[in-house]
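Q: Sharing a structure with you now.
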Amino acid sequence: MSALVESMWAVLALLCQPAVNLRYHAHMPPQDESKFANALRQAIQAARITQAALARELHTDQGQVSRWVNGKAFPHIDNVRRIEEILKIDLSDSFARSTPDYELFVSAPISGLADEDIPEHHNAVAKVVAAAGQHVNGLYWPGEQIKTAADRRRAAADMVTERNMRALFGCPAYLYLQFAEVVRPSSAFVELGFALGRKMKITIIVEGGLTTPYMLRGFGAVAADLKFLPKARIYTEVTSAEDAASLIANNGRELLGLI
């Protein structure tokens, strides 16, 4: 067994028990994931319209509407509003009860950066977060307020980590962003390991030329052979934050695994 696979098993084993604890302590309101799907199905039937016709009105494909109706995915809130207009129905309550507070957790290795790299890295991540925010129903970026080394020193690491992991547990999709070299251990790697262990929808963007997290080196090839490992979209050749933001802007929810 390769060192990569061994390290992946170690991460999964380490994170298995915390996942149970997080489920107990998160105190998140229960979600009825089928409520929106059922409401949408009934609304389509009541309007005497086909899924194909609704898809045409929304400028999307019928398969996407089918995934919404069958509870396999959720539309962006803008599409929900368009559906309400087309079907002349209020879906806001069922949508709110079915979806998590945050669809996307954004992780960046702030705690592992050199002090002087933090401000520029923060600005780079902010550009990508702005692009992602246009495509998701709620986004959690724990490093939003950490703009300098002084901000990082003021943060209580244990409290921040616990809060972040609770938010991560409730998110269906995970985005890792790195635009500077990591020079020390980072809690972002714990978050990434947790996301891999839970088989979340994972997208990883690392600027070209930087060292990728150790658990991802060769991960794509290993995951292709071991079907039980999660699939992740990994981009390690982007040239800048603008390039990464454009990638997300052009591909939206599909790139983030939320279709």
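The values are calculated or read from the model by the stated rules, or taken from the named source; none is laboratory data. All figures in this text were calculated on a predicted structure; none of them were measured in a lab. Every residue, glycine as well, gets a Cβ built from its backbone with ideal geometry; the counts of neighbours run over all protein chains shown.
Q: Restricting the search to the stretch 82-96, which residues are more than 21 Å from the chain's Cα centre (by Cα) and either at pLDDT below 95 or over 18 Å from His135 (Cβ atoms) (or both)?
A: Matches in the stretch 82-96: Glu84, Glu85, Ile86, Leu87, Lys88, Ile89, Asp90, Leu91, Ser92, Asp93, Ser94.
Q: Would you be able to say whether some residue in the stretch 76-97 is without any contact (Cβ under 8 Å) to a residue 24 or more places away in the chain and either among the basic types (Lys, Arg) or buried (at least 19 other Cβ atoms within 10 Å of the Cβ) (or both)?
A: The answer is yes, given that some residue of the stretch 76-97 is without any contact (Cβ under 8 Å) to a residue 24 or more places away in the chain and either among the basic types (Lys, Arg) or buried (at least 19 other Cβ atoms within 10 Å of the Cβ) (or both).
Q: Restricting to the stretch 153-185, count the residues that are within 14 Å of the chain's Cα centre (by Cα) and either within 18 Å of Met215 (Cα to Cα) or acidic (Asp, Glu) (or both).
A: Total meeting the criteria: 4.
Q: Where residues in the stretch 30-75 are touching a residue at least 40 places away in the same chain (Cβ under 8 Å), part of a helix (DSSP H, G or I) and under 24 Å from the mean Cα position of the chain (by Cα), which of them is surrounded by the most Cβ atoms within 10 Å (Cβ to Cβ)?
A: Within the stretch 30-75, the match that is surrounded by the most Cβ atoms within 10 Å (Cβ to Cβ) is Phe36.
Q: Of the conditions (1) in a helix (DSSP H, G or I); (2) under 23 Å from Arg233 (Cα atoms), Ala150 satisfies every one except a single condition; which number is it?
A: Single failed check for Ala150: (2).
Q: Can Leu177 be described as closer than 25 Å to Glu242 by Cβ, aliphatic (A, V, I, L, M) and in contact (Cβ under 8 Å) with a residue 40 or more places away in the chain?
A: yes
Q: For Arg163, indicate whether it is among the basic types (Lys, Arg) and at pLDDT 90 or above.
A: No, not satisfied.
Q: Also, quick follow-up: If only one of Ala173, Ala188 is in the same structural domain as Tyr140 (by TED's automatic domain parsing) and modelled with pLDDT under 95, which one is it? It would help to see each step written out before you state the result.
A: On the way: Ala173 fails: modelled with pLDDT under 95.
The conditions single out Ala188.
Q: Something else now. Applying the selection to the stretch 186-219, what residues are part of a loop (DSSP other than H, G, I, E, B), within 13 Å of the chain's Cα centre (by Cα) and either under 22 Å from Gly252 (Cβ atoms) or small (Gly, Ala, Ser) (or both)?
A: Lys199, Met200
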